[in-house]
Amino acid sequence: MMTHTAEFTLAADDREHIVIKPSVLYVGTPVALITSLNPDGTTNISPMSSAWALFDRMVLGLTSTSKGRENAIRERQLVLNFPSPDLWPKIEALAPTTGRNPVPLHKEKIGYRFEKNKFDVSGFTPQVSDLVRPLRIAECPIQLEAEVVAAHAPGGEWPAERQEAFWIIETRVIRVHAHRDIVIPGTNHIDTGRWSPLLYVFRHYFGIGPDLGRTFKAEA
Ligand SMILES: Cc1cc2nc3c(=O)[nH]c(=O)nc-3n(C[C@H](O)[C@H](O)[C@H](O)COP(=O)(O)O)c2cc1C
């Protein structure tokens, strides 16, 4: 049933949507591999997808118990490495691992294991960064070197039954590396016909579909 007013038509009777309680709210965000420096100078890799960008900032949500969170807060530096869709098996090889030893209890219960060398586990190739100490991941077409500028706990109440919380880590990107194959020659623009992020959608991996159009602000 529709309600008609002078300004708009209101859908009063919603039979199309149903109320659900999903276990996660991951509607679809790019996978990023966070490389961070371990206390012994080696580099850890943490797969994640809770990241967004505005201006020169990338804001990350990292669980409190992750090695990546610990390293990022201590060292104030990290690299965001963005993989292409074909790399998803390497990311899935990293998925049940943590650089934390001992493995946090809530992770041990669901089968996570400690792995010291995430490059070996995944088969990714390390690459020296320009401005930060954590290594980059050579196979990732976009790599963002960043410094941590702020970090804080989430607002509001945290459910008592959840042992792990998360931190909101604000980073400033200080260098952008893009593989030459995805850059429009002679420009600073990414060729969106040649770059696809790997998307994490309700715990499944996807590439992107065809280009549907461009926003009025698009420069290329
Ligand atoms: C595709 C994917 C996306 C993930 N997204 C996040 C995320 O956004 N934030 C987070 O803290 N953990 C995320 N995780 C879980 C971490 O990878 C996991 O906690 C891992 O043990 C972190 O490694 P670390 O303890 O060595 O840092 C994700 C895992 C996968 C496979």
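Structural remarks
- Tensor-based shape of the stretch 28-109 (alpha-carbon gyration tensor, a/c under 1.5 rounded, otherwise prolate or oblate): oblate
- For the stretch 150-179, trypsin sites (Lys or Arg not before Pro) meeting the loop criterion (DSSP other than H, G, I, E, B) and having at most 14 other Cβ atoms within 10 Å: R162.
- Taking amide H positions as modeled 1.01 Å from N, with prolines and chain starts lacking one, the residues under 5 Å from T65 and 5 or more places away or on another chain are A165.
- A Förster radius of 45 Å, combined with the Cβ-Cβ distance separating A220 from D120, puts the computed FRET efficiency at roughly 0.75.
- Residues whose placed amide H lies under 5 Å from that of S129, excluding near-sequence neighbours: R136
- Database remark: amide H of S49 closer than 5 angstrom to the amide H of A32 (H placed geometrically; neighbours at sequence offset of 5 or more, or on other chains; Pro and chain starts carry no H).
- 1.4 Å probe accessible area per residue over the chain, in Å²: 62 Å²
- Charge tally in the Cβ shell below 15 Å around T35, where Lys, Arg are +1 and Asp, Glu are -1, T35 excluded: +1
- Whole-Hz couplings from phi, Karplus 6.51/-1.76/1.60, listed for the stretch 176-181; x for Gly and Pro: 10, 10, 10, 4, 4, 5
- Sulfur and carbon atoms: percent of accessible area, the chain [1.4 Å]: 56 percent
- Computed from the C-beta positions of S64 and I18 and an R0 of 30 Å, the FRET efficiency is 0.35 to the nearest 0.05.
- For the stretch 125-139, 3J(HN,Hα) computed residue by residue from phi via the Karplus equation (6.51, -1.76, 1.60; θ = phi - 60°) reads 9, x, 9, 5, 8, 7, 10, 10, 7, x, 6, 8, 10, 4, 6 Hz, glycine and proline entered as x.
- Remark: the V183-E170 segment gains 2.0 nm on full extension, using 0.36 nm per residue and subtracting the alpha carbon distance.
- Cα→Cβ-extended label distance, 7 Å offset, between L10 and D86, nm: 5.3 nm
- Distance between the stretch 121-172 and the stretch 64-98 - C-alpha centres, whole angstrom: 7 Å
- Gyration tensor over the Cα atoms of the stretch 30-199: the corresponding equivalent ellipsoid has semi-axes (square roots of 5 times the eigenvalues, largest first) of 26, 18, 15 Å.
The values are calculated or read from the model by the stated rules, or taken from the named source; none is laboratory data. Please read these numbers as outputs of a predicted model, since none were measured by experiment. Heads up, the Cβs are rebuilt from the backbone with ideal geometry, glycines too, and the neighbour counts pull from every protein chain shown. Areas reflect the complete protein model, heavy atoms only, side chains present, ligands, DNA and RNA absent. Shrake-Rupley method; radii C 1.70, N 1.55, O 1.52, S 1.80 Å.
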